[in-house]
1. Using a 1.4 Å probe over the heavy atoms of the protein chains, calculate the carbon and sulfur portion of the accessible area of the range 180-230 as a whole percent.
2. Return a whole-number percent for the relative contact order of the chain, with Cα pairs under 8 Å and 6 or more residues apart as the contact set.
3. Quick one: net charge of Thr103's neighbours, Cβ under 10 Å, K/R +1, D/E -1?
4. From the phi of every residue in the range 249-266, what ³J(HN,Hα) in whole Hz does the Karplus formula 6.51 cos²θ - 1.76 cosθ + 1.60 yield, where θ is phi - 60° and glycine or proline is x?
5. Pulled fully out, how much extra length does the chain show between Lys243 and Gln167, if you take 0.36 nm times their separation in residues and subtract their Cα-Cα distance?
6. Any chance you could list the semi-axes, whole Å, largest first, of the equivalent ellipsoid that the Cα gyration tensor gives for the chain, using √(5λ)?
7. What are the ³J(HN,Hα) values, in whole Hz, obtained from phi via the Karplus relation 6.51 cos²θ - 1.76 cosθ + 1.60 with θ = phi - 60°, for each residue of the range 39-50 in sequence order, with x given for Gly and Pro?
8. Solvent-accessible area of Thr149, probe 1.4 Å, all protein chains present, reported in Å² to the nearest ten, please.
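The values are calculated or read from the model by the stated rules, or taken from the named source; none is laboratory data. Remember, predicted model here, so these are calculated numbers, not experimental data. So basically every Cβ, Gly included, is an ideal-geometry build from the backbone, and we count neighbours across all protein chains shown. In case anyone asks, the SASA skips ligands and DNA or RNA and just uses the protein heavy atoms, side chains included. Shrake-Rupley method; radii C 1.70, N 1.55, O 1.52, S 1.80 Å.
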Amino acid sequence: MKRYIVSLVLLGAVLAVAGTAGASHRVTSPVKGSFKFCSDPTFPPMESETTSGNAVGFDVDMANAIGKYWKVKAKFVKTAFPGLLPALASKRCNMVISGIFVTPDRLKQFPAVTYMKTHRALVVQAGNPKRIKGPNDLAGRNVAVQAGTKYEEFLKALNDQFKSSGQSQMNLQSYPGDTDAVGQILIGRADAVLTQDTSGAYQKKQHPGKLAIAYLFPETDAFGIYYRPSDKKLGTSLRGAIKALKKKGTLKKIAAKHQIPITDVK
């Protein structure tokens, strides 16, 4: 009888431990039912729109994967790039997922969770007829860029450097979307576009034999998910979700789907 009682006690202890382990792996969503993410669908393959108006891209698939992990729905909120963080501040969305860099000035306003590291690139016409081998070769050239981005800020600062050193300034043209900027190369209105390696590779495949990457910046940039400082629970859950999706290989699969190097999401 004593042996039977001891066995029951041991069995109960094992089940209790198993139950605790299961509970520790249970995912608790920081939101109820759904979350909204602001995104500008003009930066393929990170995000873009189909002809029918559906949002597609790496960031869209990642947002849906986060939603699946939390067992809630991810809802896309179309927002122009300059208005992404203002929209977050005004609570139009819970977070911003839109191929947006993690930078010190932005972090002063909103915290962010990093999920991808990439490089900036100078995209030119195939064959590189203007012989652009780096940023300094942009002096006196026609350069297109997406408005409201860190790319635009960099080019404006570079133009100031050209001016102060007595060099010819570039003719800088800003456009609503990255694809719009790249399109200027295709029609001969721009000699180069500053964008990301992800976008450069995508555009090359979309226009075979017409585009080339002339220069890849050695420094890495990080894409991040921004959220409001008051949403600390959301931030903790986002970090947990990204860590889990990387560990499970989900982000690598999404990267491969959109022809992005899987090393970018390690």
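1. On the range 180-230, the fraction of accessible area on carbon and sulfur atoms equals 50 percent.
2. 25
3. 0
4. Along the range 249-266, the couplings run x, 5, 5, 5, 5, 5, 4, 4, 4, 9, 6, 9, x, 5, 5, 5, 10, 5 Hz.
5. 22.7 nm
6. Semi-axes (√(5λ), whole Å): 45, 19, 17.
7. 7, 9, x, 10, 9, x, x, 5, 7, 7, 10, 7
8. Surface open to solvent at Thr149 totals about 10 Å².
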